[in-house]
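The values are calculated or read from the model by the stated rules, or taken from the named source; none is laboratory data. Computed from a predicted structure; not experimentally measured. Counting neighbours? That spans all protein chains shown, and the Cβs are built from the backbone with ideal geometry, glycine included. We work out accessible area using only protein heavy atoms, side chains counted, and drop any ligands, DNA or RNA first. Shrake-Rupley method; radii C 1.70, N 1.55, O 1.52, S 1.80 Å.
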Amino acid sequence: PIYCVQRDQKVCSISFDAAWGADNTQKILDVLKEYGVTCTFFVVGNWADQYPEQAKAIVDSGNELMNHSNAHDHYNSLTADQIIADVNTCNDKIEALTGVRPTLIRCPFGEYDDHVISAIRSMGMEPIQWDVDSLDWKDYDAGTICKRVRDKLAPGSIVLFHNAALHTPEALPSVLEHMIREGYTVVPIGQLIYWENYTIDHTGRQFPAQSE
């Protein structure tokens, strides 16, 4: 899967995983709007069933809504057919709600093996990990979350947050201000990655293929 992208310019992406709870989603969307930034939300199909208005709000505000599985199962223990069926179920739900079919997926728990990745790529989708983990789900305070992101951020980074973590809405403005101050442009992951002619090295960094 793709952990980060080789980029000469200072661009990066912020992602939010949504598997349970939606209390903070609107707060997060408000902060993003205030800073004029769009991000990528990976949502579980069951979450979209529970919070259809939130799912629509994510897309209506210009953010990407992508797949985080249908029920947050451990993909490593499923067959390829089961994985494909699960991914499609989630894709169908998101498409029915928003009119947009996801092209990216983040595997539940960030778990994968070769058969998981093959199954996902056979559907024409890209599996996405991250290289900057805010660890916001551990309920660290906003300052700690910011420092983690600040210390690890690099051109082409994909930052991981969770929509339901306690201090994420509070940490987000300072994270965004740091990015802006450092000259970063924040784009959704679909605009950060290369969709064709690329290679991925052993660390999960995606490079554009060298043209002959």
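Do we have residue 33 as open to solvent by 10 Å² or more (accessible area, probe 1.4 Å), in a helix (DSSP H, G or I) and in contact with a Gly (Cβ under 9 Å, 6 or more places away or on another chain) here? Yes; evaluated as a whole, the condition is true for this residue. The listed residues are 73, 60, 81, and the only one of them that is surrounded by fewer than 22 Cβ atoms within 10 Å (Cβ to Cβ), without any contact (Cβ under 8 Å) to a residue 40 or more places away in the chain and closer than 21 Å to residue 99 by Cα turns out to be 60.
Considering only the range 19-30, state which residues are aliphatic (A, V, I, L, M), modelled with pLDDT under 95 and open to solvent by less than 20 Å² (accessible area, probe 1.4 Å).
Hit for the range 19-30 is 22, nothing else.
Taking each residue of the range 17-36 that is farther than 20 Å from residue 104 by Cβ and looking for partners that are open to solvent by 50 Å² or more (accessible area, probe 1.4 Å) and of a type in the set (A, V, I, L, M) with beta-carbon atoms closer than 8 Å, six or more apart or interchain, yields 35/180. Looking at (1) open to solvent by less than 10 Å² (accessible area, probe 1.4 Å); (2) among the hydroxyl-bearing types (Ser, Thr, Tyr); (3) more than 21 Å from residue 176 (Cα to Cα), which is the one condition that is false for residue 15? Among (1) open to solvent by less than 10 Å² (accessible area, probe 1.4 Å); (2) among the hydroxyl-bearing types (Ser, Thr, Tyr); (3) more than 21 Å from residue 176 (Cα to Cα), the lone unmet condition for residue 15 is (3).
If you go through the range 189-212 and keep only what is crowded, with 20+ Cβ neighbours inside 10 Å and not aliphatic (A, V, I, L, M), you end up with just 206.
Do we find that residue 186 is closer than 15 Å to residue 28 by Cβ and either touching a Lys or Arg at 6+ places or on another chain (Cβ under 9 Å) or surrounded by fewer than 14 Cβ atoms within 10 Å (Cβ to Cβ) (or both) in this structure? So residue 186 does not fit the description; no. With respect to the conditions (1) under 29 Å from residue 47 (Cβ atoms); (2) surrounded by fewer than 18 Cβ atoms within 10 Å (Cβ to Cβ); (3) among the polar types (S, T, N, Q); (4) touching a strand residue (DSSP E or B) at 6+ places or on another chain (Cβ under 7 Å), residue 174 lacks only one, and its number is (4). The criterion of being touching a Ser or Thr at 6+ places or on another chain (Cβ under 9 Å), surrounded by 18 or more Cβ atoms within 10 Å (Cβ to Cβ), part of a helix (DSSP H, G or I) and modelled with pLDDT of 95 or more holds for residue 149.
Determine whether residue 96 is in contact with a strand residue (DSSP E or B) (Cβ under 8 Å, 6 or more places away or on another chain) and among the small types (Gly, Ala, Ser). Answer is no for this residue.
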